[in-house]
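The structure under discussion appears below in the form of structure tokens.
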Amino acid sequence: MDVSGASGQPRSGDDQPTDHPAVPTPPPPAAEAPAPTEDGPDTDTAATGTPDSNTPDSNTPGPEAARAEEPEDETPDTTGTTAPETETHEAGGADEAGGDKAEADGAKTPEGPRDTAAADTHETHRTLAHTEPPTGPAPGMAKGEPPRPPKEPGGGILMGRPFGVPVYVAPSWFLVAALITWVFGGQLDRVLPELGAARYLVSLFFAVAFYASVLVHELAHTVAAIRFKLPVRRIQLQFFGGVSEIEKEAETPGREFVLAFVGPLLSLVLAGLFYLAMKPVQPGTVPGVLLAGLMVSNLIVAAFNLLPGLPLDGGRMLRAVVWKITGKPMSGTVAAAWVGRALAVAVLVGLPLLNSSGGLGGGTEESGGMDTVTDALLAAILAAIIWTGAGNSLRMARLREHLPELRARTLTRRAVPVETDTPLSEALRRANAAGARALVVVDADGHPLSLVRESAIVGVPEHRRPWVPVSGLAQDLTDDMRVSAELSGEELLDALRAAPATEYLVVENTGEIYGVLSAADVERAFVKAMARPS
């Protein structure tokens with residue numbers, strides 16, 4: 001990689017990225033630009049921003065030529081994808097499709113997906129079904145910006161912060177609460193007809209108590225993650241259960257197994273407690289019916305999540321076992337994901353057949369046409385969630401596998417130091433002569449002050465460049481915009497997300513300037529890495 005040393009002289013070499021545009025300059029206008037006035041810069045170099053033919057490096061393609069060969073709009077458009085962010089353990093049901101939507105600022109200020117960025121590798125533990133958002137930048141994200149999660153997770157109504165983790169109730173929860181109230185109320189009418197309309201209040205209490213047990217399931221994942229020093233972004237209760245979003249992957253297969261198993265274990269413990277509480281209570285009373293319903297529902301939650309396929313907790317446990325045997329987390333993910341897809345097919349076909357044959361407590365003579373349609377619809381929803389979650393798990397694993405390929409040292413552009421009052425045309429001439437592709441504004445002692453923005457250069461007409469100083473096109477450097485040349489993978493992406501910008505100053509451990517890193521280059525490298533097969 002060609003870069004600049006501390007003295008401000010460009011370093012030799014030809015290992016700079018070949019697929020990124022040089023310092024961008026628009027094509028010259030059709031008409032001749034007006035000649036500068038007498039007090040303007042010399043026209044032999046400054047007016048055009050390119051060296052004369054006598055310059056030794058004049059045959060080296062500079063910013064103008066590279067700009068013509070590779071227009072800026074060739075940046076891969078990744079709109080419609082989201083950051084990899086999350087594995088999921090969902091208590092009581094499946095996640096809403098797609099997870100969180102990403103949000104983005106304007107094209108000038110980079111901002112990426114909420115969940116997950118291309119760089120964000122959250123692990124979300126859900127209890128009944130796990131889904132992971134697809135990888136990549138989020139919809140609406142401006143080109144050239146590093147993917148990043150939102151500053152605040154959001155996702156519904158904030159209910160509290162147990163263990164310092166925010167717990168949200170998604171709007172979809174109210175829909176499922178109403179559904180549970182209606183269905184359970186109909187069952188109460190057959191068991192306790194004397195309740196009358198009050199049965200719906202009892203049913204609503206059951207819905208709230210059931211989701212309280214779902215929250216306990218998610219808190220089990222959260223406590224285990226905190227014990228393993230894994231940051232937890234939030235817990236969300238939603239349509240088919242809950243999700244705890246853990247921002248890092250477990251470091252060992254043993255921790256992965258424990259992290260997945262504690263959720264179903266707590267659901268089994270809750271089922272046992274509700275069973276013990278039923279002993280002194282008469283079966284035909286309201287407390288007896290509620291305790292029995294909560295015991296059965298927690299047993300179902302635990303049993304379903306122990307099924308050995310991603311994205312369920314049992315799939316995470318299977319992944320941990322294969323990871324331990326093979327020593328490769330990717331092998332565990334592939335095995336558990338394909339088992340999850342087989343499980344999705346089994347649910348789609350087997351659940352309606354099992355229910356119609358009386359295997360779930362009903363007889364064929366009790367089943368009507370509406371019941372059959374309802375069973376088939378429920379099976380289709382669960383199968384789709386499991387299948388999608390298994391595929392997202394594979395994409396997440398591929399992201400983690402390719403993240404180490406993103407290295408600041410290999411993505412950095414060579415930079416030329418220029419002083420604050422240097423005309424833009426002269427700065428571009430120097431960049432062409434040195435074969436550099438970025439500009440760093442320095443003070444009289446050579447200390448970097450700011451970075452000239454690529455997008456700002458494009459907006460300056462060529463005939464104006466001799467009179468525009470580079471300082472007017474630069475973004476002041478902050479400490480967060482100084483990136484170590486040794487960073488790579490997730491550490492590099494975390495550094496970029498901490499200070500969203502279009503360009504970053506890359507420095508050696510000694511403090512010497514290595515060059516300039518463009519967020520657009522990082523995005524392109526990420527897209528290419530994800531496009532390659534594992």
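The values are calculated or read from the model by the stated rules, or taken from the named source; none is laboratory data. Given the structure is predicted, the values throughout are model-derived calculations rather than measurements. Using ideal geometry, Cβ is built from the backbone for each residue, glycine included, and neighbour counts are taken over all protein chains shown. The area values use the complete protein model at the heavy-atom level, side chains included, leaving out ligands, DNA and RNA. Shrake-Rupley method; radii C 1.70, N 1.55, O 1.52, S 1.80 Å.
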Requested in this report: Considering only residues that are within 20 Å of Val169 (Cα to Cα) and part of a loop (DSSP other than H, G, I, E, B), look in region 232-279 and name the one that is nearest to the chain's Cα centre (by Cα).
Outcome: Glu247
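Quick grid of which residues meet (1) under 19 Å from Leu294 (Cβ atoms); (2) surrounded by fewer than 22 Cβ atoms within 10 Å (Cβ to Cβ):
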residue: Val191; (1), (2): yes, yes
residue: Glu194; (1), (2): no, yes
residue: Leu201; (1), (2): yes, yes
residue: Lys229; (1), (2): no, yes
residue: Arg234; (1), (2): no, no
residue: Val243; (1), (2): no, no
residue: Lys248; (1), (2): no, yes
**Report entry** Single residue of region 298-312 satisfying the filter (open to solvent by less than 20 Å² (accessible area, probe 1.4 Å) and in contact (Cβ under 8 Å) with a residue 40 or more places away in the chain) that is nearest to the chain's Cα centre (by Cα)
**Finding:** Pro311
Query raised in the report: Within region 364-377, is even one residue surrounded by 19 or more Cβ atoms within 10 Å (Cβ to Cβ) and modelled with pLDDT of 80 or more?
Result: no
Requested in this report: Have a look at Val483, Val468 and point out the one that is more than 16 Å from Ala415 (Cβ to Cβ) and modelled with pLDDT of 90 or more.
Outcome: Val468
Query raised in the report: Out of all the residues in region 314-355, which are touching a residue at least 60 places away in the same chain (Cβ under 8 Å) and touching a Phe, Trp or Tyr at 6+ places or on another chain (Cβ under 6 Å)?
Result: Met317, Ala320, Pro329, Gly332
Requested in this report: Kindly establish whether Gly263 is crowded, with 17+ Cβ neighbours inside 10 Å, in contact with a strand residue (DSSP E or B) (Cβ under 6 Å, 6 or more places away or on another chain) and not polar (S, T, N, Q).
Outcome: yes
Report task. From (1) more than 32 Å from the chain's Cα centre (by Cα); (2) buried (at least 16 other Cβ atoms within 10 Å of the Cβ); (3) not in a helix (DSSP H, G or I), pick out the condition that doesn't hold for Arg429. Result -> (3)
Query raised in the report: Within region 513-534, is even one residue open to solvent by 40 Å² or more (accessible area, probe 1.4 Å), under 22 Å from Arg407 (Cβ atoms) and acidic (Asp, Glu)?
Result: no
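Confirm whether Val460 is closer than 20 Å to Asp476 by Cβ, in contact (Cβ under 8 Å) with a residue 60 or more places away in the chain, open to solvent by less than 40 Å² (accessible area, probe 1.4 Å) and among the β-branched types (Val, Ile, Thr).
For Val460, the condition - closer than 20 Å to Asp476 by Cβ, in contact (Cβ under 8 Å) with a residue 60 or more places away in the chain, open to solvent by less than 40 Å² (accessible area, probe 1.4 Å) and among the β-branched types (Val, Ile, Thr) - is not met.
Could you pull out the residue among Ala320, Ala337, Ala342 that is within 30 Å of Ala380 (Cα to Cα) and touching a Ser or Thr at 6+ places or on another chain (Cβ under 6 Å)?
Sole residue among the options that is within 30 Å of Ala380 (Cα to Cα) and touching a Ser or Thr at 6+ places or on another chain (Cβ under 6 Å): Ala337.
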Report task. Show the residue pairs that are 6+ apart or on different chains and have beta-carbon atoms under 9 Å apart, the first residue being within region 204-217 and touching a residue at least 60 places away in the same chain (Cβ under 8 Å) and over 17 Å from Ile300 (Cβ atoms), the second being in a helix (DSSP H, G or I) and open to solvent by 10 Å² or more (accessible area, probe 1.4 Å). Result -> Phe205/Leu290
**Report entry** Residue that is surrounded by the most Cβ atoms within 10 Å (Cβ to Cβ), among those in region 463-499 that are over 18 Å from Gly515 (Cα atoms) and within 30 Å of the chain's Cα centre (by Cα)
**Finding:** Arg497
Query raised in the report: Name the pairs whose Cβ atoms lie under 6 Å apart, with the first residue in region 394-419 and farther than 27 Å from Glu454 by Cβ, the second part of a helix (DSSP H, G or I) and of a type in the set (Ser, Thr, Tyr), and 6 or more positions between them or separate chains?
Result: Ala397/Thr333
